[in-house]
């Protein structure tokens, strides 16, 4: 009898406990929407022009003192907490300088392999405007999610890197990184040398 009553109590507890099974919550994904990009041609006295997104509200040129004719351009996106840093260096028809600049640009990207999960390279060439280069998409928690360089192989060399004002956490900055990658591609596709 004692065994029978314990069995009934145990069975009752077992049946009532199974009524409210807890289910795991589905994975949530943050949905960020950015405004449609509107591009405007940038002419600021540089030996090239390009189109930049109107969302970039700040634009700053800086000189690089150790290299004549070289300077940097910061295209800031305060609402995305990111900046595309451009660096222009003249080649002056020197094959040695071009080789050095290419090696430096490619080496700079490869420095991110320590933290990067993958680096995807996309070759870019526009023979009509003499613009040749490479776009790098850096996956993972690297400091820079996108980098590129373009050149005409004779006179002009431009590099660019995307950085955010936050500790690298690829999952958190992925939507903004994808949005700004399109801006970088727009810069590459609209570069016109003077």
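Tabulated data
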quantity: Filter result for residue 138 (part of a strand (DSSP E or B) and farther than 26 Å from residue 60 by Cα); calculated: no
quantity: Some residue of the stretch 96-107 being outside any helix (DSSP H, G or I) and either crowded, with 21+ Cβ neighbours inside 10 Å or over 13 Å from the mean Cα position of the chain (by Cα) (or both); calculated: no
quantity: Residue list for the stretch 169-188, restricted to those being in contact with a strand residue (DSSP E or B) (Cβ under 8 Å, 6 or more places away or on another chain) and crowded, with 18+ Cβ neighbours inside 10 Å; calculated: 173, 176, 177, 180, 183, 184, 187, 188
quantity: Test: residue in the stretch 126-133 that is within 12 Å of the chain's Cα centre (by Cα), without any contact (Cβ under 8 Å) to a residue 24 or more places away in the chain and either under 25 Å from residue 91 (Cα atoms) or part of a helix (DSSP H, G or I) (or both); calculated: no
quantity: Residue count for the stretch 151-175, restricted to those that are in contact (Cβ under 8 Å) with a residue 12 or more places away in the chain and part of a loop (DSSP other than H, G, I, E, B); calculated: 8
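Read-outs: derived from the displayed coordinates by stated rules, not from any lab. Since this is a predicted model, take the numbers as computed values, not measurements. Note: ideal-geometry Cβ built from the backbone for every residue, glycine included; neighbour counts use all protein chains shown.
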